[in-house]
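**Q** Below is the structure I would like to discuss, written out as structure tokens.
The values are calculated or read from the model by the stated rules, or taken from the named source; none is laboratory data. Just so it is clear, the structure is predicted and the values come from calculations on it, not from any experiment. For neighbour counting, all protein chains shown are included, and Cβ atoms are generated from backbone atoms with ideal geometry for every residue, glycine included. Note: accessible area is taken over every heavy atom of the protein model, side chains too, but ligands, DNA and RNA are not part of it. Shrake-Rupley method; radii C 1.70, N 1.55, O 1.52, S 1.80 Å.
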Amino acid sequence: MAAYSLHSSYSLLSSRSSTASPTLNTCTVQHPRAALSRLHALLHSAAVSALLYYRISNLVRGDVPLLSWGLINLSELIFTFVWTLTQAFRWRPVVRAVAPENLPREEELPGVDVFICTADPKKEPVVEVMNTVLSAMALDYPAEKLAVYLSDDGGAAVTLYAMKEACGFARVWVPFCRKYGVKTRCPEAFFSSFGDSERELLLHGGDEFTAEEDQIQTKYEHFKRNVEKAAELENDVNDDRPPYVEVNVLIFVIYDNKNNGGTMNDISKLPLLVYVSREKRPSRPHRFKAGALNALLRVSGVMSNAPYALVLDCDMYCNDPTSAKQAMCFHLDPKLSDSLSYAQFPQIFYNGSKNDIYDGQARAAYKTKYQGMDGISGAVCAGTGYYIKKKALYCSPNQEEFLLFPTDEFLREPQKNFGYSTKLIYSVSTLTHKSVNNNQRETLLDDATVDEAKKLASCTYEQNTKWGKEIGYSYDCLLESTFTGYLLHCKGWKSVYLYPDRPCFLGCTTIDMKDALVQLMKWASGLVQVGLSKFSPLTYGMYNMSVLQSMCYGYFALSHFLSVACFLYGVVPQLCFLYGVPLYPKVNNYLNYFNPFFVHAKSSYIAIRRLNLLNNNLFFF
């Protein structure tokens, strides 16, 4: 079938000897930074040990009030526990760089499917979602190897209408970007103040660019008005899909790149564009974003079946068109490819605080944590802006021909575990097949393929299968990508983190206090749920991954208990002061005689913590 002919050259490239392959990436360990961090940890641990010894020894002797000292001791133990977990981030930080010029020819590159998820046109403006779609369609990657899928869990008619309008605008926008080498390929950003500097540089190209830019901007404004007008008229979410659809699911192939035929040059070619709206019934669990991503995995498996996928939030547009090739510098590296699951890019926002894109403190904190995890087998999955190997979602690493010679128990009965679709099972098996056909699809996507995709996106397909349990994205946690990445690391998969000079993806963060609190509560509850479950990084993680990596995940899962310590430290000392209960050693205390640095160390220790808490930068404790 045509849908199965677009596969990766990954196996072919991996079979080449590493000595004959050019260098695709470099990894530099920051030894001075690691040495200073370890020295700091040693000195800090001495001060913390003195403080805890003072607290516990006085509690044991019974010379102090039990309640107040016990609460303060509890808060300091929580601070110490979380601080200990953070030291894993500092143990072996690394910095990576890529060399896309050393990649193989474009016809040898593997296919990439882009997954974009949206759910509510009222909360996620349709124009913003379409800008993300357009930026993904304009990636600097062979059009015949690229496919863009939008999952609309709201089933809104305006989203489907906007997709058709975006497809029409893409026919002029994508060639324009390729012709003039535009880097900011999100039209809203390009025509705004963010794109002023780039437009000024391109204006030196002559009058041709100026005239064409004016035409493109006029067409974009027309496209934008049409979509906004449609959103005003109809933006309702359908929680129960219309019964007139044959299999109770709505899938439209908006644009098939085979329509390019032989009449269009490489500049004018467009990738495959697909709109997917899963079946949704009140009596069936919907599984939120994890269910949408699993549905996209199945649908893309019978349509384009690329071995890699880029996962994006609907408000996270592509800011650098070369991100796919940068990610391939890791996925196609023979030294990494066998065990590499995903390449994570930083999550940076263009709104919020002033000049947030260039906020040095925020970016430094982000880099420190992720570069630290990268040095110990892989960074956490941020949920957006990562290129993942689909094989990693189906099996363990270093498992060749895993459907023909399975070693994992759940892969021995593919129909029982993957579902009854033989086309899907075949597409999954070809992801690691040795005889890979790298040609593009020979025929158009036929009706049978679209009908099969509809069945794969129905809400009953996953019944009595391993989807969401051991296959695909996990349903055990609301933070589907982070938890799935954690499980991948537990299985032995690794990941890399790349922080390029130009942000590859820029997103829109919440600036409303209510929405921000709801989002933070969701993240915190999901992480604490993992930390207290059977998958806790300090139990399950310690058994399946390195101690340092499990400590990093333990920080993400359990650091929210700092709120308890902060509350106690903000209430108990003040009450004790009012009632004259001493909490801290006096100057003539014998402990200070043997430890003259204790008072200064402790006071500095508390001051630094309170300052960092106010700045919401807990990592630097």
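**Q** In region 60-70, how many are touching a residue at least 12 places away in the same chain (Cβ under 8 Å) and either crowded, with 19+ Cβ neighbours inside 10 Å or β-branched (V, I, T) (or both)?
**A** Residues meeting the conditions: 2.
**Q** Might you check whether a residue that is in a loop (DSSP other than H, G, I, E, B), within 19 Å of T484 (Cα to Cα), modelled with pLDDT of 90 or more and open to solvent by 20 Å² or more (accessible area, probe 1.4 Å) occurs anywhere in region 395-411?
**A** The answer is no, given that none of the residues of region 395-411 is in a loop (DSSP other than H, G, I, E, B), within 19 Å of T484 (Cα to Cα), modelled with pLDDT of 90 or more and open to solvent by 20 Å² or more (accessible area, probe 1.4 Å).
**Q** Name the single residue, out of those in region 186-214 being open to solvent by 20 Å² or more (accessible area, probe 1.4 Å) and touching a residue at least 60 places away in the same chain (Cβ under 8 Å), that is nearest to V129 (Cα to Cα).
**A** Among those residues, the one meeting the criterion is E188.
**Q** State all residues of region 97-107 that are surrounded by fewer than 20 Cβ atoms within 10 Å (Cβ to Cβ) and touching a residue at least 60 places away in the same chain (Cβ under 8 Å); if no residue qualifies, say none.
**A** A97, A99, P100, N102, L103, P104, E107
**Q** I need the full set of residues from region 488-542 which are open to solvent by 20 Å² or more (accessible area, probe 1.4 Å) and of a type in the set (F, W, Y), in order please.
**A** Of everything in region 488-542, those that are open to solvent by 20 Å² or more (accessible area, probe 1.4 Å) and of a type in the set (F, W, Y) turn out to be Y499, W523, F535, Y540.
**Q** Let me ask something additional. If you go through region 108-126 one residue at a time, how many are in a helix (DSSP H, G or I) and surrounded by fewer than 18 Cβ atoms within 10 Å (Cβ to Cβ)?
**A** 1
**Q** Considering each residue of region 307-337, count those that are in contact with a Lys or Arg (Cβ under 7 Å, 6 or more places away or on another chain) and of a type in the set (G, A, S), and give that number.
**A** Qualifying residue count for the region: 1.
**Q** Sort out which residues of region 160-183 are in a loop (DSSP other than H, G, I, E, B) and open to solvent by 10 Å² or more (accessible area, probe 1.4 Å), and write them in order of number.
**A** G181, K183
**Q** Within region 292-351, which residues are in a loop (DSSP other than H, G, I, E, B) and among the acidic types (D, E)?
**A** The answer is D315, D320, D333, D338.
**Q** Give just the number: which of (1) exposed (fewer than 13 other Cβ atoms within 10 Å of the Cβ); (2) of a type in the set (A, V, I, L, M); (3) more than 30 Å from G485 (Cα to Cα) does L583 not satisfy?
**A** Just one mismatch for L583, condition (1).
**Q** While we're on this one: Hey, can you tell me all the residues within region 127-156 that are part of a loop (DSSP other than H, G, I, E, B) and not hydroxyl-bearing (S, T, Y)?
**A** A138, L139, D140, P142, D153, G154, G155, A156
**Q** Is it true that some residue in region 451-467 is among the acidic types (D, E), open to solvent by less than 40 Å² (accessible area, probe 1.4 Å), in a helix (DSSP H, G or I) and modelled with pLDDT under 90?
**A** yes
**Q** Within 23 Å of P187 (Cβ to Cβ), of a type in the set (F, W, Y) and open to solvent by less than 10 Å² (accessible area, probe 1.4 Å): does that describe F89?
**A** no
**Q** Having 3 or more residues that are modelled with pLDDT of 90 or more and over 27 Å from V380 (Cα atoms) is the bar; report the helices (runs of 4 or more DSSP H) wholly within region 1-98 that clear it.
**A** Hits in region 1-98: 31-61, 66-86.
**Q** Would you be able to say whether some residue in region 540-550 is touching a Cys at 6+ places or on another chain (Cβ under 8 Å), outside any helix (DSSP H, G or I) and touching a residue at least 24 places away in the same chain (Cβ under 8 Å)?
**A** Within region 540-550 (the criterion being touching a Cys at 6+ places or on another chain (Cβ under 8 Å), outside any helix (DSSP H, G or I) and touching a residue at least 24 places away in the same chain (Cβ under 8 Å)), the answer is yes, since at least one residue qualifies.
**Q** Let me ask something else. I need the full set of residues from region 366-386 which are closer than 13 Å to P346 by Cβ, open to solvent by 20 Å² or more (accessible area, probe 1.4 Å) and assigned to a loop (DSSP other than H, G, I, E, B), in order please.
**A** Listed by number, the list holds a single entry, A382.
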